């Protein structure tokens, strides 16, 4: 019923009025009706216009969406063949070559009732990522494990984890989308801050794998350490008010109690432990994956060729192993050689194909790990550690010449600068200190001559630093002075003191393994470094206390023609003063 009719009816029934007043009421009713009609028409026109505008804009949008969807479907229909590197990716522990000890360590750390955070050190392409994935699957099946069957494995490249200093975006830790930012959505229009989950929360209950963790930005690393400590992420926002009832309950819960982030971190890096943050290392166990041997790399290449449908002889695989430094290199070389064979309509990879790949790819030959076994005067097999705790056998040679009674050491790092630009320290190689100790012992043994110089050299420019070459340097010097050969089937490591004692050094297990791989028969180590596991090392490990014990067993009978005039130097017993 029109408004004026209602009013008129009300007035007639309740309050009779004169005709003029009745006309006035009817006039007001018509005015209200006109206003109502005007509002209705304006509103209708407005919504009609909006609808027409929406239809006009929606049609081109729909056409554009159809075109883009067609392009997307067309792109999705095009698929290249799977890269060989993906095709041969390890799917079981047996597929990971040469890392039995590293995998065993990972299993011990993660497959228990109390799994720990861990850092994996090792060169690229040796199976660190695959091992981490497989160990998590094994951990899910272990007794008493806290990992559930659906525990996630979140893989993130630490070099690509970008963050905004204003905390707008942080894909690793998470962030808060405040209402002022574009795209805040319906909640943003209501003034509600919205926490956004990061990788640490997506890994909740599972494993967060951070590749190249040594390259992580220090700010991100500090945030990560806080999350590892609290096992949750705490968010802050100037737009959050705990008294605001418009904010949903789950957002109140996140701001007040934090976003859950209880996971186990597995970090992988190609850097050395000393290059990693001490704060991170103190929270993690450490596992070392070793570089692959030539035979192991050749085996990977042989298996890759078989999976790619090519035949390859073992001789070709050995050639590949002599130039490929890791499994990834081997697979790439096989793929390139296989492409050449396919161009020539062959299904076998020949030695000439691999030689062409080596030449075109400018691959450098790997150093030979085999040690020369012949007995030589003034030449000793020393042991060192390089890279990610990888043992190596190095040659240490000594010669005696006329001079002024000095010891010269070449082939090592002389000095290095440490610290920042504002505070620089210069550290002298401790191998020089070992040379001074050798000089003192030679004097005590009566083998020192004021008119003779001793030249000790580390061939090949080996980066040697530390005192562990002291005993080897002394053995080489005594051999050169006396003109007696050194046992070529033995190696030695240990620090030498001015009193003739053999002191403990680091990296002995890796050094023993390097001596075994080099084909040596025995190795002398400080008694303090001896462990029962060396009885099963596949090489005779001899613990010693003094340099006299080493020289007695390593120096052989002098050949009549050896060392020329150096044989004329006085030959005193090894049990001289200071060497017992």
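Only residues that are more than 27 Å from residue 178 (Cα to Cα), touching a residue at least 40 places away in the same chain (Cβ under 8 Å) and assigned to a helix (DSSP H, G or I) were counted across region 247-290, and they come to 5. Can you pull out every residue in region 334-356 that is in contact (Cβ under 8 Å) with a residue 40 or more places away in the chain and not in a helix (DSSP H, G or I)? Answer for region 334-356, where residues must be in contact (Cβ under 8 Å) with a residue 40 or more places away in the chain and not in a helix (DSSP H, G or I): just 349. From the list 310, 263, 289, 255, pick out the single residue that is modelled with pLDDT of 95 or more and buried (at least 19 other Cβ atoms within 10 Å of the Cβ). Every option except 263 fails the conditions.
Residue-level check: of (1) over 19 Å from the mean Cα position of the chain (by Cα); (2) outside any loop (DSSP other than H, G, I, E, B); (3) in the same structural domain as residue 226 (by TED's automatic domain parsing), residue 150 misses just (2).
Checked against (1) surrounded by 19 or more Cβ atoms within 10 Å (Cβ to Cβ); (2) modelled with pLDDT of 90 or more; (3) within 36 Å of the chain's Cα centre (by Cα), residue 476 passes all but condition (3).
Given the criteria surrounded by 20 or more Cβ atoms within 10 Å (Cβ to Cβ), modelled with pLDDT of 95 or more, in the same structural domain as residue 270 (by TED's automatic domain parsing) and closer than 19 Å to residue 270 by Cβ, does residue 118 qualify? Criteria met by residue 118. The residues of region 486-517 that are part of a loop (DSSP other than H, G, I, E, B) and more than 14 Å from residue 385 (Cα to Cα), listed by number, are 487, 488, 489, 497, 498, 499, 500, 504. Restricting 374, 401 to those that are modelled with pLDDT of 85 or more and outside any loop (DSSP other than H, G, I, E, B) reduces the list to 401. Taken together, the residues in region 497-512 that are closer than 25 Å to residue 374 by Cα and surrounded by 24 or more Cβ atoms within 10 Å (Cβ to Cβ) amount to 3. When restricted to residues that are in contact (Cβ under 8 Å) with a residue 12 or more places away in the chain, outside any loop (DSSP other than H, G, I, E, B) and farther than 18 Å from residue 128 by Cα, region 302-327 contains 15. Just so you know, in region 526-542 the residues that are surrounded by fewer than 15 Cβ atoms within 10 Å (Cβ to Cβ) and in a loop (DSSP other than H, G, I, E, B) include one that is modelled with the lowest pLDDT, and it is 538. For beta carbons closer than 9 Å, sequence separation of 6+ or different chains, a first residue in region 83-94 that is farther than 21 Å from residue 336 by Cβ and a second that is exposed (fewer than 15 other Cβ atoms within 10 Å of the Cβ), the qualifying pairs are 93/100.
The values are calculated or read from the model by the stated rules, or taken from the named source; none is laboratory data. Not measured: the values here are computed from a predicted model. Virtual Cβ from ideal backbone geometry, glycine too; neighbours counted across all protein chains shown.
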